[in-house]
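Below: the structure, in structure tokens.
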Amino acid sequence: MINKFFSYFSNDIAIDLGTANSLVYVKGKGIVINEPSVVAINQKTGQILAIGEEAQKMVGRTPAHIVAIRPLVDGVVSDFEVTEQMLKYFIEKVHKRRFVLGSRPRVIIGIPYGVTEVEKKAVCDAAKNAGARQIFLIEEPMADAIGARLTVQEAGGNFIVDIGGGTTEVAVISLGGIVIAKSLRIAGDKLNEDIVQFVQEEYKLLIGERTAERVKIGIGSAFPLKERAEFPLRGRNIITGLPEEILISDKDIKRALEKSVKQIVTAVKTTIEETPPELLADIMSKGIYLAGGGSLLRGLDTLVQQEVKIPTKIIEDSTTAMVRGAGMVLEKLDELHEVLTGVEDMEPPR
């Protein structure tokens, strides 16, 4: 009865609380928020100045006492209070167009595979303090598979590789559960760091991570491109201390990313080696599905397919697959509640 009362005044939501970006799905409406997971804080006063897109604009452009931080590291909460404020911002933004007195929605939040009970509790506590009345957690590979409309509740193997900002999740799913999975802390952010380090070592040029990300998106690849591509890079020469501009090629960026990309492919291979034969037969038929922003790296699907000899495809609209999957569970909570991962203080769906 109480749940029905609150549901009249609140929009139930699903949240992809990512290291790089956070997305919010509202029941019956779809994705309504897609903003960077960044919070700008005045260190002198402790005041939060901006969250999301506004905070992202401040990165690298603020006075010393104002810092723009990411409250999540490798997909888990690193700053509890700031994460709580960010969740509160999303919940209030969803409800700002309605007359809501103390809105308390039910919330589904995606978490990386294999996080500890302490890390799960940190997410739940932050969501509760931000105003959620009931919290459900779903592991990211499971949400991706549901978002890709794979038959996760049937007795058949589904292979998902989610390459986000902080982590890469490799999982085999069957009968509504994760059969085998690996999580490695090599993903989009690490690829950006690789580019920063490569440019510094090879060209003695100091660039920021946002510039590195633009280069990665512009000409980054895991497989040789058919046509040569170049990208202008502006930064500070670490020898002269003066500004400098260079042209960097796609071959350079591929070389910069090679080590990290190889580790992702190795994780896929290892997971395949440990997959039960019957499920592997299903996977060979269905193929491997790539999700997350990192899956958009040019030629990654081609490289994986070449290395493991299994058809590999990128999920349609791969950057939103996780939150769409969580949203689909939210829409059919009674039917799909078994795919959620249990926590001690989680109430059963009503």
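Within region 247-266, can one find any residue that is outside any helix (DSSP H, G or I), in contact (Cβ under 8 Å) with a residue 60 or more places away in the chain and either in contact with a Phe, Trp or Tyr (Cβ under 8 Å, 6 or more places away or on another chain) or under 21 Å from ASN158 (Cβ atoms) (or both)?
Let us first name the residues in region 247-266 that are outside any helix (DSSP H, G or I), namely 247-249.
Okay, now just the ones that are also in contact (Cβ under 8 Å) with a residue 60 or more places away in the chain, so none.
For region 247-266, residues outside any helix (DSSP H, G or I), in contact (Cβ under 8 Å) with a residue 60 or more places away in the chain and either in contact with a Phe, Trp or Tyr (Cβ under 8 Å, 6 or more places away or on another chain) or under 21 Å from ASN158 (Cβ atoms) (or both): absent.
Filter region 171-216 down to the residues that are of a type in the set (Ser, Thr, Tyr) and outside any strand (DSSP E or B), then identify the one that is nearest to GLU274 (Cα to Cα).
Looking at residues that are of a type in the set (Ser, Thr, Tyr) and outside any strand (DSSP E or B), I get THR211.
Considering each of ILE195, ILE146 in turn, give the residue that is under 25 Å from LEU280 (Cα atoms), out of contact with any strand residue (DSSP E or B) (no Cβ under 7 Å at 6 or more places or on another chain) and among the aliphatic types (A, V, I, L, M).
Going through ILE195, ILE146 in turn, just one is under 25 Å from LEU280 (Cα atoms), out of contact with any strand residue (DSSP E or B) (no Cβ under 7 Å at 6 or more places or on another chain) and among the aliphatic types (A, V, I, L, M): ILE146.
Could you grab the pairs with beta carbons closer than 7 Å, sequence gap of 6+ or different chains, first residue in region 276-303 and at positive phi, second one assigned to a helix (DSSP H, G or I) and modelled with pLDDT under 95?
Listed pairs, sorted by first residue: GLY292/SER318; GLY292/THR319.
Return yes or no: is THR62 β-branched (Val, Ile, Thr), farther than 23 Å from ARG210 by Cβ and out of contact with any Lys or Arg (no Cβ under 6 Å at 6 or more places or on another chain)? Steps first, answer last, please.
Working: β-branched (Val, Ile, Thr): yes; farther than 23 Å from ARG210 by Cβ: no; out of contact with any Lys or Arg (no Cβ under 6 Å at 6 or more places or on another chain): yes.
Considered against the rule, which asks whether it is β-branched (Val, Ile, Thr), farther than 23 Å from ARG210 by Cβ and out of contact with any Lys or Arg (no Cβ under 6 Å at 6 or more places or on another chain), THR62 comes out as no.
Suppose we filter region 8-27 for residues that are assigned to a loop (DSSP other than H, G, I, E, B) and either closer than 14 Å to HIS95 by Cβ or at pLDDT 90 or above (or both); how many remain?
4
Just one of ALA127, ALA68 is within 15 Å of ASP16 (Cα to Cα), among the hydrophobic types (A, V, I, L, M, F, W, C) and not in a loop (DSSP other than H, G, I, E, B); which is it?
None of the others qualify; the one that does is ALA127.
The values are calculated or read from the model by the stated rules, or taken from the named source; none is laboratory data. Here the structure is a predicted model, which means the values were calculated and not measured. No Cβ is skipped: glycine too gets one built from the backbone with ideal geometry, and neighbour counts run over all protein chains shown.
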